[in-house]
2 protein chains.
Amino acid sequence: MGLEMEVMSEAAPAAAREHGLDIYPLTRYYFGARDAAAGVPRGLETAADRALRLKANFAAHGLRTSVHGVLLVELFDHPHLLLLQVRNSSFLLPGGRLRPGEEEVQGLKRKLSSKLSFVDDDQAIEEEDDWQIGECIGMWWRSEFEAIPFPYMPPSFRAPKECIKLFLIRLPMSRQFIVPRNMKLLAVPLSQIHGNAQVYGPIISGIPNLLSKFSFNVISD
Amino acid sequence: MGLEMEVMSEAAPAAAREHGLDIYPLTRYYFGARDAAAGVPRGLETAADRALRLKANFAAHGLRTSVHGVLLVELFDHPHLLLLQVRNSSFLLPGGRLRPGEEEVQGLKRKLSSKLSFVDDDQAIEEEDDWQIGECIGMWWRSEFEAIPFPYMPPSFRAPKECIKLFLIRLPMSRQFIVPRNMKLLAVPLSQIHGNAQVYGPIISGIPNLLSKFSFNVISD
């Protein structure tokens, strides 16, 4: 465990008790790849097709709710966030859209399994992968499907199109992550993400701020 | 209560139960002024004097811990943050530095009373003003006294000089705020603060993100 972590817990014993978060070294995890699921990967969809799909879904089901997981590992004495990267460009949090009527925690487990495990979307539900879904740490709103999201409901939003919720995931001491071949799973230091909306977008770049109340306990062996 | 607030609670009933936050209209509160306390107001201190004072304090007491209150009111169907403004320029959260050995919640109550109530620094302790101090929502660190703060402990920090903690304050339905004449108390919409680090600084401009998990219940009468 690094010196700065010890300093942190001495400085804030009350917060550490309330908001402690165990994280494990990156080396505890195994990373593999598998073939992508059949069908057009969403990342390769044209903008026009995507707009049509989202519009049809909104007409049928109303407000879209997306759920995403914040997964952390330790490397070089600093917390790193696990991000998916599609085609060497955009960064994504693992997660995705809930099905109509689907419960949030159950839907997030399904999405995490489909993005980070062997199982595909439907198997995941039956397998009940052992994701530990923690608290909701942030919530963003979009007025239109492709609009910039805001971390509050602006007074002008009468019918928001999408709600994006971030949940803290408590990882076990060890596990494997199996990622579709069209994506990469990266561990990015919080210090690189913080305030860097140009590269990571407004939601991801605000995650270090959302995590700031936590005292990280690095369990190194 | 505005339409957008209702939409928010319908969209996220689970989150609303976990993270509901009652806020009251600005018109419920009374704002007054009083003479500033004796001595040089910190806002008018020269940079050199401030550097000397902080250095001497660090030598004597080590890591400086500052505690600040996040106070919210409703106006135009949108949450507004209460900020102090000194000399028409910099914006501050009400709060300040803990005394050596002082407990955080007690220290924040003392600071809120000295900035926002009739009482001065020392009376406040005895009067036990009725501030309801809620959870810590964020924590920032400075490597040097005047350095840019970060919402995490960067790996290079071996001995941070300051820890800044933000606590959510649950305001009563009505109360009075009495502010020293050299300051102004302003209610600023979250939509104006979000991402606006140039005007509000990195800590305050990240507060809408920290509050995003909360569903605001506007209690309008």
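Values computed for the structure shown
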quantity	calculated
Residues of the stretch A:177-197 classified as touching a Ser or Thr at 6+ places or on another chain (Cβ under 8 Å), open to solvent by 10 Å² or more (accessible area, probe 1.4 Å) and not in a loop (DSSP other than H, G, I, E, B), total	1
Matching residues, the stretch A:68-114, being among the charged types (D, E, K, R) and over 20 Å from A:Val218 (Cβ atoms)	A:Arg87, A:Arg97, A:Arg99, A:Glu102, A:Glu103, A:Glu104, A:Lys109, A:Arg110, A:Lys111
Residues being within 25 Å of A:Glu135 (Cα to Cα) and at pLDDT below 75 - total across the stretch A:2-33	13
Failed item in (1) modelled with pLDDT of 85 or more; (2) in contact with a strand residue (DSSP E or B) (Cβ under 9 Å, 6 or more places away or on another chain), with A:Ala36 passing the rest	(1)
Members of the stretch A:49-66 that are modelled with pLDDT of 85 or more, open to solvent by less than 70 Å² (accessible area, probe 1.4 Å) and under 12 Å from A:Phe145 (Cβ atoms)	A:Arg53, A:Ala56, A:Asn57, A:Phe58, A:Leu63, A:Arg64, A:Ser66
The lone exception for B:Val218 - which of (1) out of contact with any Leu (no Cβ under 9 Å at 6 or more places or on another chain); (2) in contact (Cβ under 8 Å) with a residue 24 or more places away in the chain; (3) among the hydrophobic types (A, V, I, L, M, F, W, C); (4) farther than 24 Å from B:Thr27 by Cα it fails	(4)
Qualifying residue in the stretch B:120-133 (condition: out of contact with any Leu (no Cβ under 9 Å at 6 or more places or on another chain) and modelled with pLDDT of 90 or more)	no
Single condition A:Asn209 does not satisfy, out of (1) among the polar types (S, T, N, Q); (2) open to solvent by 20 Å² or more (accessible area, probe 1.4 Å); (3) under 16 Å from the mean Cα position of the chain (by Cα)	(2)
Residue match in the stretch A:126-148 (condition: more than 16 Å from the chain's Cα centre (by Cα), among the charged types (D, E, K, R), surrounded by 15 or more Cβ atoms within 10 Å (Cβ to Cβ) and part of a strand (DSSP E or B))	yes
Enumeration of residues in the stretch A:151-178 that are in contact with an Asp or Glu (Cβ under 6 Å, 6 or more places away or on another chain) and closer than 30 Å to A:Phe118 by Cα	A:Leu168
Any chance B:Ile169 is outside any loop (DSSP other than H, G, I, E, B), among the aliphatic types (A, V, I, L, M) and within 22 Å of B:Pro208 (Cα to Cα)	yes
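Condition check ((1) at the interface with another protein chain (Cβ under 10 Å from one of its Cβ atoms); (2) in contact with a helix residue (DSSP H, G or I) (Cβ under 6 Å, 6 or more places away or on another chain); (3) at pLDDT below 95) across all residues:
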| site | (1), (2), (3) |
| --- | --- |
| B:Phe150 | yes, no, no |
| B:Pro154 | yes, yes, yes |
| B:Ile164 | yes, no, no |
| B:Ile169 | no, no, no |
| B:Ser174 | no, yes, yes |
| B:Pro202 | yes, no, no |
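The values are calculated or read from the model by the stated rules, or taken from the named source; none is laboratory data. Small disclaimer: the values here were computed from a predicted structure and weren't measured. Because the Cβ atoms are built from the backbone with ideal geometry, glycine has one as well, and the counts that use them run over all protein chains shown. To get the accessible areas, we keep the full protein, side chains included, count just its heavy atoms, and leave off ligands, DNA and RNA. Shrake-Rupley method; radii C 1.70, N 1.55, O 1.52, S 1.80 Å.
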